[in-house]
Amino acid sequence: MTTPGDSTAGGGAHRHGGAPNGARRYTGPTAPRPEQRPGAAAKQAPGRRVRCPQCLEQFSWDANEIYNEAGTTELSAINDSAKRADAMHDAYVKCPGPDAAEGFPEHYLPLRYVNFDEPLVIGLVGGFHTGKTTYFGMLIDQIDRGKLDRYGLMTKPLHQRKHDEYHTKVLSPLLKDYRSLAATAGASETLTYSAGYLMTNRAGRTRPVAFFDVGGESLSRMVNRNTRFIRAVGALIFIVDPQAIDDSRNSAGQPSSEGDKAFSSVLSRLSSSEPGTSGYTPIPAAEVLVKADRLRFEPLIGGWLRAESGTGALDADEIRKESRDVYAYLARQEATAWLEPFRQCARCTLHVASATGGNVDESGTYWRGLRPRRVLEPLVSVLAMAGLLDDPQAEQIGR
Ligand SMILES: Nc1nc2c(ncn2[C@@H]2O[C@H](COP(=O)(O)OP(=O)(O)O)[C@@H](O)[C@H]2O)c(=O)[nH]1
Ligand SMILES: [Mg+2]
Ligand SMILES: [Zn+2]
């Protein structure tokens, strides 16, 4: 997404509603989509600012200047509402970027990211090969299958063309050919969100949600400029890999006391240096014990893996029980270093999940197909803690 026109995939096939009509209540999955209001960008309250997750610059954008494959469009020059809507579809705005002296490359944000209230950036955290990208891919698949509907969240991609690209490049090989994913590229200066949505809750509030999944060693080493997004995160999903825990055991059978370096480096980056602040990180988090198919005979874990998924009711008690079991399991494994996010984040839940349902074979294929389990639940908790769900139980989650 360095330049708006850097893609080959054709856009325009999908039309989604524009800005929501505040007066209209979204009452559930069957409620009609909010009407298109093509003039919404131009009516944006003046002076509203948005923080760019890529370079961290806060800016108020010129709602009339947008970019798409065709180049720059001056929205104020288009009076025909249908044409305006068409120009705004899949458009970007340009981030002014930090000081020119920093030499940060030119970059753009989807118009839908800046045109709605309070974007939420969710970061996936875990070392190399922990299973982040596979978990994330299956999570996106669940969202795209409308599985958040039952929690009262209507979703649509932040940028349709980018989303289609994610499907073609990442999801199709996994879902259609059962092929294991290639390693994710490390963070570069042009690092952008991996996938994102506009999410509308039962109260009719719409917020942009962007996910960052970065590869390689980027998080453990925290190459400064390239992982700035971590300062913009509003929620974190820590990926706990049971295989990595086992691989780190010393001759006495104890797992490493360092845990996952990506966890510690993200947590230390986020811990406050301000005087008078509590020692806790205010960012809500979920820890996900992934690849749990490998632990299906563990008494504390197996039951959760088989448990009914996504019944639609947010159940703070149930989440507390699952958190307690995962905590007990990790503590019993002496994998206490992997519990650091739970200790440091003021609100944190723990979950069991399996993205694939089984191991990949030598040829890199899931020959028995994919049987994802409990993939959506961690995200639901995170969204509840971050205030996206309009649900009375949300307040109690992760406390
Ligand atoms: N058994 C099992 N293996 C998994 C699961 N998810 C991922 N893996 C394996 O973990 C490895 C790393 O996955 P990947 O998603 O690329 O990890 P990343 O480097 O953290 O993004 C791959 O070999 C996957 O086959 C799972 O749910 N169960
Ligand atoms: Mg990856
Ligand atoms: Zn920027």
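FYI, it's all coordinate maths here, none of it is from the lab. Being a predicted model, the structure only gives us computed values, none of them experimental. Here Cβ is always computed from backbone atoms with ideal geometry, including for glycine, and neighbour counts include all displayed protein chains.
Quick notes on this one:
- Out-of-range pairs (alpha-carbon distance over 25 Å; input K132/K162; K83/K169; K156/K321; K94/K156; K83/K156): K83/K169; K156/K321
- Semi-axis lengths, Å, the range 202-336, gyration tensor of Cα atoms, sqrt of 5 times eigenvalues: 26, 24, 15
- Taking every DSSP bridge with both residues inside the range 90-219, close to 75 percent are antiparallel.
- Summarising the strand pairing of the chain, around 55 percent of its internal DSSP beta bridges are antiparallel.
- Net charge contributed by nearby residues that have their C-beta within less than 14 Å of I245 (K/R +1, D/E -1): -4
- Near L198, once Lys and Arg are set to +1 and Asp and Glu to -1 for all other residues with Cβ below 10 Å from its Cβ, the sum equals +3.
- Rounded to 0.05, the FRET efficiency of the D62 and A203 pair, given R0 = 25 Å and the Cβ-Cβ distance, is 0.25.
- Projection of the Cα convex hull of the chain, averaged over all directions and equal to a quarter of that hull's surface, yields 20.9 nm².
- For the range 67-73, 3J(HN,Hα) per residue [Karplus equation, 6.51 cos²θ - 1.76 cosθ + 1.60, θ = phi - 60°, Hz, x = Gly/Pro]: 10, 8, 3, 6, x, 7, 10
- Pair S273, E118: separation of 7 Å Cα→Cβ label points (nm): 2.8 nm
- Residue among L383, L109, L300 with the largest mean-square fluctuation in a Gaussian network model of the chain, springs linking Cα atoms under 10 Å: L300
- Applying the criteria of a DSSP loop state and at most 10 other Cβ atoms within 10 Å to the GluC sites (Glu not before Pro) of the range 270-379 yields E308, E362.
- Loop chymotrypsin sites (Phe, Trp or Tyr not before Pro), the range 196-284 (other Cβ atoms within 10 Å of the site Cβ: 16 or fewer; DSSP): Y280
- Estimated at 0.36 nm per residue, the fully extended path between E308 and E165 surpasses their Cα-Cα distance by 48.3 nm.
- Computed about the Cα centre, the dipole magnitude for the chain is approximately 800 debye when only Lys and Arg (+1) and Asp and Glu (-1) carry charge, each at its Cβ.
- Residues K291, K132, K156, K83, arranged from fewest to most other Cβ atoms within 10 angstrom of their Cβ, appear as K83, K156, K291, K132.
- Spin-label pair E258-E102: with each label point 7 Å from Cα along the Cα-Cβ axis, the two points sit 3.0 nm from one another.
- When Rg and Dmax are taken over the Cα atoms of the range 252-313, they come to 17.0, 47 Å.
- Each Lys and Arg contributes +1 and each Asp and Glu -1, all at the Cβ; summed about the Cα centre of the range 287-399, the dipole is approximately 260 debye.
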